[in-house]
Amino acid sequence: MQPGYPSQPPQQVDNNMTMSIVAIFLFWPLAIPAIINASKVNPLLQQGDYAGAQAAAAESKKWSKWALIVGIAWIAIVLVCCVGGSLLGAISGNSAMSY
């Protein structure tokens, strides 16, 4: 073994790219920073910057989670409004016909 080289293979860090790509379909404005940070993880690991790779992975995960939360909440609100509006229209349409 040569001096200056680590005795262990470099540790792996999950870059969260899959979750970032899924998040882009739900709420892209928050998913873009997630993808940018996820793309930084592997180059940082190759440079030996394990702490930087962990920080980029944590940022990617944070932005992905926020994109997923906002996207799912937005879809839920739209569904509630559509179903509520349809029901309201059906109820008011039936009551107008009874006069």
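Just so it is clear, none of the values below were taken in a lab; they were calculated from the coordinates. Only a predicted model underlies this, so the values are computations on that prediction, with no experimental measurement involved.
Details
- Taking every alpha-carbon pair under 8 Å whose residues sit at least 6 apart, region 17-97 reaches a relative contact order of 33 percent.
- Using the Karplus relation 6.51 cos²θ - 1.76 cosθ + 1.60 with θ = phi - 60°, the per-residue 3J(HN,Hα) values for region 49-55 come to 8, 5, 5, x, 5, 5, 5 Hz, with x marking Gly and Pro.
- Semi-axes of the equivalent ellipsoid for region 17-97, Cα gyration tensor, largest first, Å: 44, 8, 6
- Along region 57-64 the Karplus relation, 6.51 cos²θ - 1.76 cosθ + 1.60 evaluated at θ = phi - 60°, assigns HN-Hα couplings of 5, 5, 5, 4, 5, 4, 5, 5 Hz to successive residues, with x for each Gly and Pro.
- Amide H contacts under 5 Å for residue 27, placed H, 5+ residues apart: none
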